[in-house]
Amino acid sequence: MKKPGVLIISHGSQEQTWVESVDDAISRLNLPVPLPVEAGFLELVEGRLIQDGIDRLEAQGVTDILVVPLFVSSGSTHVDEIEYAIGAKETPDRETDLEPFDVKARVHFGYPVDNDPDIAVMVWDKVRVLSQQPEEETILLVGHGSIHDGFRERWEAGISSLAERVQEVSDVAHTDYALLNPESVYDKVKYWSEERGNRVIVAPLFLSAGYFTRNVIPGRLQELNYVYSGETLLPHPLLGQWLEHQIQILLERCNEVKASS
C-alpha cells in the first residue's frame, strides 16, 4: 500500500518572514486528498533541513515523497544537486559537495518556478505600485543567473519566457530580463533608460529578501535612473496556488507509477 507525502524544498533564509511565508502557504493548502506535508530547507533553518523533512515524512509511513523544489529557476545548481542527493537522478549535471540523503521512500521530483503564469502575476503585483505611466515603462526582471554552461541557458530560457508573461498581465510598454551572473543588469537598465527613454522598474526575481536584493542589485546600478522597491516574490497568497498545482502534477505522476507497477 503506497502512502504519498509532500516535501517542499527551498534554500532557506535567515529572514524569519521567509520561513513563515512558506509555513503559512502550507497551512492553507487545499489538496484533493489529505497528504502529510513538510518543508525542508537546504540550509540556515535549524531542525528543518531536508533530511529532517524526509525523516518526518517517513516516520508517518510515507512510501512516496512528492518533492516540490521551491526555487525560481531550473538553472539553479542547487536544484541539480538536490535532485541528485535525494535520489531522483543518478548523477548531478555539475559536481557537488552535497552528500546523498538517507531516503527509503520512492522520490517523485517536480519543477521549480521558471515561467509559471502564477509567478508572472506575483511579479506584477509586487511592482505595480511603482508604475505611473505604463506606456513609457519597462519592467526589468533581475535574476541570480549562473556562469556555468547548461545552467545559464536554463536560467535565460525561464526568465525570458517569464518576462513575456509579465508583459501579458501588465500594461507596461516593455518587459525584459537581466542576470547578475553573467552580469547584464547595468547594461540593460542603461539601454532602456538612456537609449530608449523608458522609466525602468527593476523587479528582483528572488523568493526572499537578502544580500542580493538589498546590496548587490542596487550596488550594480549606481548613477543610473530606475525605480526599485526591493520587494521579493514572497510573501504572496498565490504561492499556495502554485504549490497546489505542483503537488497535483506529482500526485498524478505517482498514481501513474502506482497503476503500472
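The values are calculated or read from the model by the stated rules, or taken from the named source; none is laboratory data. Please read all numbers here as calculations on a predicted model, not as lab measurements. FYI the Cβ positions are ideal-geometry reconstructions off the backbone, even for glycines, and counts take in every protein chain you see. Please note that ligands, DNA and RNA were not included when accessible areas were found on the heavy atoms of the full protein model with its side chains. Shrake-Rupley method; radii C 1.70, N 1.55, O 1.52, S 1.80 Å.
Within the accessible surface of the chain, defined with a 1.4 Å probe on protein heavy atoms only, the carbon and sulfur portion equals 46 percent. Rounded to whole numbers, the Karplus 3J(HN,Hα) couplings from phi for the range 179-193 are 10, 6, 9, x, 4, 9, 5, 4, 5, 5, 5, 4, 4, 6, 7 Hz, using 6.51 cos²θ - 1.76 cosθ + 1.60 with θ = phi - 60°, and x at Gly and Pro. Dipole check for the chain: with +1 at the C-beta of Lys and Arg, -1 at the C-beta of Asp and Glu, and the Cα centre as origin, the magnitude is about 440 Debye. In the context of the full set of protein chains, residues of the range 118-261 present 48 Å² of accessible surface per residue (probe radius 1.4 Å, heavy atoms only). Helix 16-27 and the longest principal axis of the Cα set of the chain meet at an angle near 50°. A straight Cα-to-Cα reach below 13 Å connects Lys104 with the aspartates and glutamates Asp55, Glu58, Asp64, residues fewer than 8 places away in its own chain not being considered. Computed from phi, the 3J(HN,Hα) profile of the range 129-136 under the Karplus parametrisation 6.51, -1.76, 1.60 (θ = phi - 60°) reads 5, 8, 7, 10, 10, x, 5, 10 Hz, with x in place of Gly and Pro.
Please calculate how many Å² of accessible area the range 60-107 carries per residue, with a 1.4 Å probe and no DNA, RNA or ligand atoms counted.
Working: 2240 Å² over 48 residues.
Averaged over the residues of the range 60-107, the accessible area is 47 Å².
For the listed residue pairs Lys126/Lys188; Lys126/Lys190; Lys3/Lys126; Lys3/Lys89, the alpha carbons are over 32 angstrom apart in Lys3/Lys126. Here's how it looks for Gly145: its modeled amide H is under 5 Å from those of Leu180, Asn181, which are all 5 or more places away or on a different chain.
Sequentially through the range 95-101, phi angles give Karplus couplings (6.51, -1.76, 1.60; θ = phi - 60°) of 4, 9, 8, 6, 6, x, 7 Hz, Gly and Pro residues having no value and appearing as x.
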